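First the structure, in the form of structure tokens, and then the observations on it.
The values are calculated or read from the model by the stated rules, or taken from the named source; none is laboratory data. For clarity, every value in this text was computed on a predicted model and none was experimentally measured. Heads up, the Cβs are rebuilt from the backbone with ideal geometry, glycines too, and the neighbour counts pull from every protein chain shown. Heavy atoms of the whole protein, side chains included, go into the accessibility calculation; ligands, DNA and RNA do not. Shrake-Rupley method; radii C 1.70, N 1.55, O 1.52, S 1.80 Å.
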Amino acid sequence: MERGKASNLYCFSLLRVENELPPVKEKTFVFPGGCYYFLPSQDRLESNDMPSPATHLDIAIALPVWGTFTYLAPPDLLPSTVPGRRVLVPFGPRRVTGYVLGPALASPSTELKTILDVLDTESLFTEDMIPFFRWIADYYIYPLGEVIRGALPGGLNLYEFNQYAITEAACQLPDETVLTDVEQAVLDCLKNGACRLKELNTHLDRPVPGRLLNAMEQCGWVSRKKTLRGGRTRPKRQKWVRLVRPDIPGERVTPQRQTVLDALSQNGEAPLQQLRKVLPNAASIVRGMAARGFVTVHESEAYRDPFGEPILPDHPPELTPEQQQALMDIHQAREKGFAPILLEGVTGSGKTEVYLNMVADTVARQKTALVLVPEIALISQMERRFRARFGDKIAVLHSGLSAGERLDQWMRILRQEAAIVIGARSAIFAPLRHIGLIVVDEEHDPSYKQDNNLRYNARDLAVVRAKQNSCPVLLGSATPSVQAYHNARSGRFTHVRMMQRVTPQPLPEVEIVDLAPVRQERGLGKHLTPELLTAIRQTLEKGEQALLFLNRRGYANYPHCAACGTPVRCRNCSITLTYHRGANAYRCHYCGHSQAANQACTSCGSTKLWHFGLGTEKLAEAMAQFFPKARTARMDHDTTRRKGSLLRILKDLQQGTIDILIGTQMVAKGHDFPNITLVGIVCADSALNFPDFRSSERTFQLLAQVAGRAGRGERPGRVILQTYTPDHFTITAARQQNFQAFYDREIQSRNELGYPPYSRMIQFLITGKNRGVVRETAENLGATGRALLQSDAARYRQIAILGPVEAALHQVAGRFRWQLLVKGPQSSALNRFARHLLQAMGPSQGAASVKVIVDVDPLFMM
């Protein structure tokens, strides 16, 4: 290979399994993202365990390639090449970003390539995070450099690209020169400026073959040069004005100058931006004052503020006896160092106050704390409560921040300017030092699982990181995951329970309404029963608020032709489009495809379309018809997309300017609405019959969570649960809000079928644009896997292969999808088999256009 030498220190290697796998020659290898990459050969790995000279560095490359690589640090850069910093290195014919992991353990005999530059003045991650990154790469079968790249704030890295430009010779081609249509289009495009191949494809709306550009370069029509791009995200620089002399003999102090001097007199300096608020032309005034010696102007780094309005401090409330007992149990468990603790507490039992007390104790011990919440929608509420208690010790990390805000928060954490981090799943990578506590709120929530690229589960990584830092990890939920509860029952987790609400009100009464008798009703009658409408009316008459839960956004999810019955399908996915009345468009909720609603039927040409099905948009319209005086609001992805929109809805609800709130699963997760006394679950069966063994678990959790939004204040709550299957054990358990009853039934079924937690699973998702090639690749993968099981039956005797089969959603975003599941009782053997299977498959059995995605511990089986 024409690049840095591969070291034997990297976390994932098909060769690093106690020498159990056969020797591997250097070859192309299918990476979970789908492309083919080089795998280092056996003879490139050194067995010498002695550290090499400090000039030999172990580097992870920010590309989807396996392993790490050894590079030589030149003397002038050596002091700056400390672990956690980015470097620019040659990699094959390119220059790319790499991450310094430390000294290489082996001294290669071959000639090494040299680091070109160090890109950072301070490390972007701590040295003790490197074992964490290696563990992730090993367990999730993912390249280490890509793990680190995904953990860091986006927009930092540099990459080298080919940039094409038109030559002067091409601009002076004789008229008789014969050009193909594509060649002419390329030259016309390049006349507007140099661009990359990707940009050419976009401008021409067609793929431009690389061999065509090579031929045009040989003809002298285009030129190509390598250009470094990236590094879009940078620290913000802010101008500061510092007072030097308030008066200078012979210099007149004008009123405007006096305004500046008065503003600077208190602290001696101030940001220029702040001076502009009192003096709009402050920039020109300050420039003149600096020339006269009154002030100096300098630049420094400034943090962008992601928080918004300030929060008034609060005072810790008096704890209930149950909260006090829970804290005693948690403190007792934490004395062991690493301690996974399941905090099971009914909705409204005060789990957040327990978190706050534990975090306060952790900070008092000079340790840091990490608090994870499942979705961005919950962060604002949690962040406000923590800021009220801890002030500016808080940092936030989530994808809703701009790239610059995320970088600023990352650096605050790294510089130890924030002791508490609150965030969604990506916050598990926060560069905290001296971690003393990790909290995972709503630990059961599937949002902790990443469903693209590195498919990690932040809840599971929280346990791993807590173990590596010898600290407790607190997993909180009113409806624990079957996996976590099983661990608690088997003694792996400490189990702490809080079964009473903080307020004197009991859990809300749940009334089940059978939808079967109204199945044949027309219009909204099949969705809105008299019992539900009556309950809403009674709630509004009392001046209270109602919450209607429907886990389906849009207006109608089944539009079809009134003439021939053909459904309006997505052109990229095997699913019908959803009609959005506000936008007057059909949209796909999987790939994002959108088309105008005035298009004719693709089968018969009719322009008359019927919009069947019910979404939150249609439900809001119905509420306006039934209750015209009520103030109705929606809380779903469509209404909370803009920054600050979710906070406005929550504030309006808190202030009582919303009477009926309609929402999707966003409303079910941890929100505290004291004045909501009625929860209406429009259809409890929407996810119950999915082809997924976890469908019952998810349905129970969602129903119990949304039911828990009722009656959290001083007045009792009530829940109307509409369902077509009132006798299903999931529905009856949700009615009783009895997690134990649900768990006892569900765990028996899991045990009989050998599903998690009694086994571990790895999913291979095979996708591509050619349906036949995808099927052939999937079948070859299955056959290769079964051959491996037969060839080494002793080692893999407990592993079973299910499939391959076509996925339930067999086409998404224009790519056909097949699945293969590998199941076994031990994760180590399963992981070893998966790597062996990928190695054995090789590139010959799959086309380059096919992706084979590895998902360890999958949650989404559609």
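Taking residue 332 as meeting all but one of (1) without any contact (Cβ under 8 Å) to a residue 12 or more places away in the chain; (2) crowded, with 19+ Cβ neighbours inside 10 Å, write down the number of the exception.
Condition not satisfied by residue 332: (2).
Please state which one of 465, 489, 415, 501 is of a type in the set (Lys, Arg), at pLDDT 95 or above and either surrounded by fewer than 22 Cβ atoms within 10 Å (Cβ to Cβ) or more than 19 Å from residue 741 (Cβ to Cβ) (or both).
Answer to the selection: 465.
Please find, within segment 184-210, the residue that is farthest from the chain's Cα centre (by Cα) out of those that are of a type in the set (Lys, Arg) and over 27 Å from residue 97 (Cα atoms).
Among them, the one singled out is 191.
Considering only residues of segment 699-745 that are assigned to a loop (DSSP other than H, G, I, E, B), more than 32 Å from the chain's Cα centre (by Cα) and over 23 Å from residue 666 (Cβ atoms), which is modelled with the lowest pLDDT?
Only one residue fits best here, namely 714.
I'd like the full set of residues that are within 24 Å of residue 815 (Cβ to Cβ) and not β-branched (Val, Ile, Thr), limited to segment 560-579.
567, 569, 570, 571, 572, 573, 574, 577
Taking interchain pairs and intrachain pairs at least six residues apart, which have beta carbon atoms under 6 angstrom, with the first residue in segment 756-784 and within 16 Å of residue 807 (Cα to Cα) and among the hydroxyl-bearing types (Ser, Thr, Tyr) and the second open to solvent by less than 10 Å² (accessible area, probe 1.4 Å) and part of a strand (DSSP E or B)?
777/766
I'm checking my understanding of the structure. Among residues of segment 151-165 that are out of contact with any Lys or Arg (no Cβ under 6 Å at 6 or more places or on another chain) and buried (at least 18 other Cβ atoms within 10 Å of the Cβ), which one is nearest to residue 415 (Cα to Cα)?
Filtering first and then ranking leaves 152.
Among the candidates 545, 538, single out the residue that is at pLDDT 90 or above and touching a helix residue (DSSP H, G or I) at 6+ places or on another chain (Cβ under 9 Å).
545
Restricting attention to segment 515-530, does a residue exist that is in contact with a strand residue (DSSP E or B) (Cβ under 7 Å, 6 or more places away or on another chain) and open to solvent by 20 Å² or more (accessible area, probe 1.4 Å)?
no
Among 811, 819, which is modelled with pLDDT of 90 or more, in a strand (DSSP E or B) and under 26 Å from residue 136 (Cβ atoms)?
Exactly one residue qualifies, and that residue is 819.
Go through segment 201-236 and give me each residue that's within 30 Å of residue 152 (Cβ to Cβ) and of a type in the set (A, V, I, L, M).
The one that is within 30 Å of residue 152 (Cβ to Cβ) and of a type in the set (A, V, I, L, M): 228.
Output the number of the condition that residue 823 fails; it satisfies all remaining conditions of (1) touching a Gly at 6+ places or on another chain (Cβ under 9 Å); (2) open to solvent by 40 Å² or more (accessible area, probe 1.4 Å); (3) of a type in the set (D, E, K, R).
Result: residue 823 fails condition (2) only.
Considering segment 581-596 alone, what residues qualify as being surrounded by 15 or more Cβ atoms within 10 Å (Cβ to Cβ) and touching a Phe, Trp or Tyr at 6+ places or on another chain (Cβ under 6 Å)?
The answer is 581, 586.
For segment 755-795, how many residues meet the condition of being open to solvent by less than 30 Å² (accessible area, probe 1.4 Å) and within 14 Å of residue 811 (Cα to Cα)?
5
Note down all Cβ pairs under 6 Å where the first residue falls in segment 60-75 and is free of Cβ contacts under 8 Å to residues at least 60 places away in the same chain, the second is of a type in the set (A, V, I, L, M), and they're at least six residues apart or on different chains.
From residues that are free of Cβ contacts under 8 Å to residues at least 60 places away in the same chain, the pairs are 72/112; 73/57; 73/115.
Here is a list: 239, 226. Which entry is loosely packed, with under 12 Cβ neighbours inside 10 Å, modelled with pLDDT of 80 or more and either under 40 Å from the mean Cα position of the chain (by Cα) or not hydroxyl-bearing (Ser, Thr, Tyr) (or both)?
None of the others qualify; the one that does is 226.
If the Cβ limit is 6 Å and pairs must be 6+ apart or interchain, which residue in segment 667-684 that is buried (at least 23 other Cβ atoms within 10 Å of the Cβ) pairs with which residue that is among the charged types (D, E, K, R)?
That search, which allows pairs on different chains as well, returns 670/442; 676/709; 677/544; 677/715; 678/718; 679/709.
Table: residues versus (1) of a type outside the set (Lys, Arg); (2) crowded, with 21+ Cβ neighbours inside 10 Å; (3) modelled with pLDDT under 95.
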position: 346; (1), (2), (3): yes, no, yes
position: 367; (1), (2), (3): no, no, no
position: 372; (1), (2), (3): yes, yes, no
position: 384; (1), (2), (3): no, no, yes
position: 388; (1), (2), (3): yes, no, yes
position: 406; (1), (2), (3): no, yes, yes
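Taking only pairs six or more apart or across chains, which ones have beta-carbon atoms under 6 Å, a first residue in segment 701-715 that is over 8 Å from residue 674 (Cα atoms), and a second residue that is among the aromatic types (Phe, Trp, Tyr)?
706/549; 709/673
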